[in-house]
Amino acid sequence: MAIAAVAAVLLVLTIAFLLRGAARRRQEALQRAAEAEARLSELVRVQSEMQGRLSSMAETLSARQSELNQAVSQRLDGMTHRIGATLTEQTRSTHENLRRLQERLAVIDAAQNNIQTLAKDVVGLQAILSNKQTRGAFGQGRMEAIVADGLPLGAYAFQTMLSNGTRPDCTIRMPNGAPPLVIDAKFPLEAWNAFREAAAPEARRAAAQAFRRDLEVHIRDVSEKYLIAGETQEMAFLFVPSESIFAEIHEHFENVVQKAQRSRVVIVSPSLLMLSIQVIQAVLKDQRMREQAHLIQGEVALLMEDLSRLDDRTRKLQAHFLAAQKDVEQIITSTDKLNRRGAKIGALELEAPAEAETARDIPQAKVVESRTGLLKLRVVDEE
C-alpha cells in the first residue's frame, strides 16, 4: 500500500508536472503566436510603407523622366536651331566667298586680257623699233608730244626747212629775236639693240664699238647739218626716247657724251627735254611780261589812283565816325544828367500842411505847393 501510495503520489506529481509543462508550452505558444502576429503586423506596416515609398519613388521617377525628356527635347531643339543657323551662316559665307571668287576671277580675266593686249602692243612696238623709218616716227612722236604739251602754239615748228636744205625734226623759237633751237629725234637704235642683246664678251665689245661709231657719226651729222651760224642756236639737242638708254650711254659711253658736248650737241632724255622745255617756257613768259611792262605800269598807276581815292574816302568815313562818336558822347552826357534829375525827383519828400511853415524856414530847400493845398513837396538840391 505504501508503494501504491508512493506510486500514486508520483503519478500525481507527474501529471501535475505534465500539466504545468503543457500550460507553459501553451503560454509559450500563445506568446510565440502573439510575437508572430506582431511581426506580421510589422511586416504589413513595413510593406505598406514600402509600397508608399515605391509609389512616391515611381512618381518622382516619372516626374524626373518627364523633366529629363523636356530638357533633352529643349536641348535638341536648341542644338537643331544652332546647327541650322550655323549651316545657314556657312551657306551664306560660302555663297559670299564664291561671289568674291567670281569677282576676282573676272578681274583676273580682265587683267589677262590687258596683258594680252599689252603683249600685242609690245610686239607692235618691237616691230616699230625694228624699222628705221617707223623708229624715227616713234621717237619724233614722243618728242613732238613733249614739246606740244610744254610750249604754246607758235613757239615751235616741226620739219621746217633750213637755208642748207635740211629739215630738222623740231625747231623752237627763242625769245628776244634769238635763233631757234634745233632738236633731232633720230637715234641709232639697231646698234644699241645689238649691244644690249650681246651675251659673249667679244660680241658685246664688237657691238659697243659699232654703237659708238654709229652714234659719233650721227652726232657729227647733227653738228654739220643743223648748227648754222646766225640761223640756229650754237647747240642742238639729240633726243633719246628712253631713260634707260640715256643712263646706259652716260655709264658705258662717257667719251661719246664728251665728244657730243665738244661738238655742241646735247644728248637729252624725255625728262631732260621736258625740263628744258619748262625753262624755255619760263623765259618766254618773262619776255612777254617785259614786253607788256608798260601796260603793267599803266595798270599799276591806275591802281595807285584807285588806292588814293580809297584812302580819301576812308579818311572822310573816319571823320564821320569821329563826329558820330562825339555826338554819341554828348548824348551819353545828356542821359547822365537826365538820370541824375530822375534820381532827384525820386528823392522828393511829401510833407503835411502843419509842417509847411517849418519847411519854409529850412535853408537850401525848394517848396512846391500842390494844387489842392494839402501837400507840399520839398526838393533838396544836392549840388
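The values are calculated or read from the model by the stated rules, or taken from the named source; none is laboratory data. Owing to the predicted nature of the structure, the values given are computational and were not obtained by experimental measurement. Counting neighbours? That spans all protein chains shown, and the Cβs are built from the backbone with ideal geometry, glycine included. Ligands, DNA and RNA are excluded from the accessible area calculation, which covers all protein heavy atoms including side chains. Shrake-Rupley method; radii C 1.70, N 1.55, O 1.52, S 1.80 Å.
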(Q) I'd like the accessible area for PHE321: 1.4 Å probe, protein heavy atoms, all chains in place, Å² to the nearest 10. (A) 130
Q. So, in nm, how far is label THR14 from label ARG92 when the simple model puts each one 7 Å beyond its Cα toward the Cβ?
A. 11.2
Q. Any idea of LEU272's accessible area? Nearest 10 Å², probe 1.4 Å.
A. 60
Q. To the nearest Å, what is the center-to-center distance of segment 268-285 and segment 94-117, using C-alpha atoms only?
A. 43
Q | Proximal charge balance of GLU35 [Cβ under 12 Å; K/R count +1, D/E count -1] | A | -1
Q) Once segment 171-245 is represented by equal point scatterers at the alpha-carbon sites, with solvent omitted, what log10 I(q)/I(0) does the Debye formula produce at q = 0.15 Å⁻¹? A) -0.61
Q: Using a 1.4 angstrom probe on the protein heavy atoms only, line up HIS95, HIS250, HIS218 by accessible area, largest first.
A: HIS95, HIS250, HIS218
Q) Between GLU254 and LEU153, how many nm apart are label points set 7 Å from Cα along the C-beta direction? A) 4.7
Q) In square angstrom, rounded to the nearest 10, how much accessible surface does LYS285 have for a 1.4 Å probe? A) 120
Q) Roughly how many whole Å is it from the C-alpha centroid of segment 217-266 to that of segment 1-29? A) 169
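Mind ranking ILE277, ILE83 by accessible surface for me, highest first, 1.4 Å probe?
Result of the area sort, largest leading: ILE83, ILE277.
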**Q.** Spin-label zone in segment 26-59 - amide nitrogen under 17 Å from a point set 7 Å from the Cα of GLN74 along the C-beta vector
**A.** none
Q) What does the accessible area per residue of segment 1-119 come to in Å², with a 1.4 Å probe and no ligands, DNA or RNA counted? A) 90
